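Structure in structure tokens, see below.
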Amino acid sequence: MDKVAAIAWVTTNQINLFESDIFIDDEDAILRPIQFKNDEVLRYNFNTLEELIYNHQLPDDLFRKNRAYFWIDARIDLR
């Protein structure tokens with residue numbers, strides 16, 4: 001989905017975190033949305049070379065990237 005639609009979808013579904021299938025900065029990364037019931041969202045440092053898959057990032061940080069489209073899996077992981 002495009003950035004505007006992705007931001008609206010994240011807001012509507014109260015998504016707290018994304019997990020990627022490949023390196024999160026790759027434009028073709030599929031993003032799994034995660035919704036936490038409480039404020040125990042931990043920021044994961046995805047900038048290490050050994051962590052090329054299953055990266056985690058907060059929605060606000062993800063949407064700051066200069067990307068037109070985001071591949072978001074519509075199945076929400078509730079934690």
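Computed from the coordinates by the stated procedures, all read-outs in this text should not be read as laboratory data. Keep in mind that this is a model prediction, so the values were computed, not measured. Backbone-built Cβ (ideal geometry, glycine too); neighbour counts: all protein chains shown.
If we sort 55-62, 20-27 on the protection proxy, mean other Cβ atoms within 10 Å, highest first, what's the order?
Working: 55-62: 17.6, 20-27: 15.6.
In decreasing order of mean packing, 55-62, 20-27 become 55-62, 20-27.
Moving on. Could you order the peptides 29-36, 2-9, 63-70 from most to least packed, using the average number of other C-beta atoms within 10 Å per residue? Please list the in-between numbers first.
Working: 29-36: 18.0, 2-9: 14.0, 63-70: 12.2.
Highest-to-lowest ranking by the protection proxy: 29-36, 2-9, 63-70.
Which FRET efficiency value, to the nearest 0.05, do you get for A74 and F36 by plugging their Cβ-Cβ distance into 1/(1 + (r/R0)^6) with R0 = 25 Å? Show your work: numbers first, answer last.
On the way: r = 18 Å, r/R0 = 0.72.
E(calc), rounded to 0.05, equals 0.90.
What residues qualify as long-range amide H neighbours of I72, i.e. H under 5 Å apart, gap of 5 or more or another chain, H built at 1.01 Å from N?
Distant-sequence amide H within range of I72: L31.
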